[in-house]
Amino acid sequence: MAQRKDWESNDDRCVLCGKHRDVVRKLVLGIYGGICTDCVSLCLEILKSDSKSVEPLVSSKTLKPKELHAILDQYVIGQDAAKRALSIAVYNHYKRIDAPASDVEIQKSNILLMGPSGSGKTLLAQTLARTIGVPFAIADATALTEAGYVGEDVENILLRLISAAEAMASSQDEAIALAENGIIFIDEIDKICRKQDGPSITRDVSGEGVQQALLKILEGTVANVPPQGGRKHPQQEYLQIDTKNILFMCGGAFDGLQDAINKRRNVQGMGFLATSVDAPPLVTSTELEPEDFVRFGLIPEFVGRLPVMCALDALDEASMVRVLQEPKNALMRQYARLLELDGVKLTVTEDAKLEIARKAITLGTGARGLRTIMERLLGPCMYDLPSQSEVSEVVLTSGYVLGTSELEYRYKTQQAA
Ligand SMILES: Nc1ncnc2c1ncn2[C@@H]1O[C@H](COP(=O)(O)OP(=O)(O)O)[C@@H](O)[C@H]1O
Ligand SMILES: [Mg+2]
């Protein structure tokens with residue numbers, strides 16, 4: 001009790017450093033005394049540096065390929081071959097990071113994803129990153145330029161990854177450590193192909209130069225990233241980040257690659273096995289070869305750093321319907337939830353779903369088209385409903401999708417009757 005008395009008389013001083021409350025910004029008082037703001041900051045620093053050494057950088061990176069595949073299934077419809085290849089690549093990537101030093105140096109399994117627009121390339125990459133809990137950044141290859149040109153330097157991609165990591169970290173150093181194990185998705189990679197003949201290659205500003213600039217960071221290098229845009233960092237001018245454990249995924253539609261592959265088939269068939277290419281079958285992952293991408297305009301060194309290649313399929317009607325309703329955050333569920341908040345039930349008939357899928361395919365933007373169509377279809381009712389408290393249900397029929405009938409409203413009184 002005597003001790004308690006001492007504490008009580010010490011309410012004016014920090015119990016840790018002893019500074020008087022007049023010389024500190026604030027004294028946080030507890031039952032037995034107060035702590036000054038300086039000590040609170042100091043404790044925080046100690047905890048931060050402590051947690052950095054104890055916590056694993058990538059918490060669930062031990063997920064096995066099958067487990068990864070199963071999680072991807074919850075969000076991405078179809079694309080089984082790509083899911084398999086990705087699951088293996090990601091599993092091997094984090095195994096490689098953890099592997100004890102040895103004579104055999106395992107190469108990075110950077111990934112090249114090829115598939116039509118809206119088939120799930122970005123979605124796959126995003127879902128993977130979220131699943132394994134590493135920082136993830138998306139960059140658009142078309143925005144990149146060689147150093148010294150107007151546009152984004154390739155280092156900016158790394159800066160974006162560091163920014164993503166900052167949200168998961170409590171200090172800049174920790175953010176960089178997290179980013180060094182992150183995933184970067186470079187989209188529209190087919191748009192930085194070097195100039196060559198062919199109808200599909202329309203844009204080439206400095207494509208080859210950008211590929212050259214990307215080589216180093218794909219392979220693994222300690223890059224100096226100018227922190228502008230990121231958090232201010234008074235001690236140093238550049239943030240240093242080692243890219244050797246960053247997994248790179250590059251995605252592109254590669255329109256016309258089909259032709260390139262057919263050409264290759266032709267060459268192989270010349271002489272004794274001249275196969276007909278009148279109706280070229282779809283490209284599958286196993287048929288992709290580095291040379292096809294080289295012929296398309298990626299430089300060999302660049303393709304060489306993307307050893308895992310997957311082809312995604314265009315989504316057919318049945319897959320489109322599944323995309324509409326099956327994934328955890330499927331569009332149908334989202335709209336149903338939106339209406340539910342207004343106390344209205346959304347019913348979409350099976351025929352209507354099929355018509356929506358058909359319409360989406362004609363838009364040519366893959367599953368992206370579904371959103372456009374749903375927005376158009378439900379826009380009017382989302383405008384009306386909030387001021388119509390008597391509506392209990394909205395029924396979306398194929399007739400409405402085709403424009404031959406109106407959206408059906410069911411009313412509360414109607415149901416009661
Ligand atoms: N296979 C798929 N499964 C589920 N949703 C998909 C699939 N493909 C595309 N989507 C939907 O379409 C949108 C655009 O897909 P995205 O992955 O960005 O296409 P891209 O292949 O052009 O990168 C996603 O937000 C997602 O909702
Ligand atoms: Mg995309």
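The values are calculated or read from the model by the stated rules, or taken from the named source; none is laboratory data. This is a predicted model, so every value here is computed, not measured. Positions of Cβ are generated from backbone atoms using ideal geometry, with glycine treated the same way; all protein chains shown enter the neighbour counts.
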Note to self: Please go through the stretch 292-308 and give me each residue that is closer than 12 Å to Leu218 by Cβ and not in a loop (DSSP other than H, G, I, E, B), ordered by number.
What the structure shows: Glu301, Phe302, Val303, Gly304
Checklist line | Selection count, the stretch 169-190, where residues are within 12 Å of ligand 2 (Cβ to nearest atom) and more than 16 Å from the chain's Cα centre (by Cα) | finding: 1
Checklist line | Of the criteria (1) buried (at least 18 other Cβ atoms within 10 Å of the Cβ); (2) hydrophobic (A, V, I, L, M, F, W, C); (3) farther than 19 Å from Arg305 by Cα, which one Ala141 fails | finding: (3)
Notebook entry, point to check: When only residues in the stretch 125-135 that are touching a residue at least 60 places away in the same chain (Cβ under 8 Å) and part of a helix (DSSP H, G or I) count, which is nearest to ligand 2 (Cβ to nearest atom)?
Noted result: Ala125
Margin query: Looking only at the stretch 353-388, how many residues end up being polar (S, T, N, Q), part of a helix (DSSP H, G or I) and under 18 Å from Ser117 (Cβ atoms)?
Written below: 2
Notebook entry, point to check: Could you list, in sequence order, the residues of the stretch 73-124 that are of a type in the set (Val, Ile, Thr), more than 27 Å from Ala367 (Cβ to Cβ) and in contact (Cβ under 8 Å) with a residue 40 or more places away in the chain?
Noted result: Ile97
Checklist line | Options Ile241, Ile217: the member that is in contact with a Leu (Cβ under 8 Å, 6 or more places away or on another chain), in a helix (DSSP H, G or I) and either modelled with pLDDT of 85 or more or under 30 Å from Asp292 (Cα atoms) (or both) | finding: Ile217
Notebook entry, point to check: Going through the stretch 84-121 one residue at a time, which ones are within 13 Å of ligand 1 (Cβ to nearest atom) and farther than 21 Å from Gln258 by Cα?
Noted result: Leu86
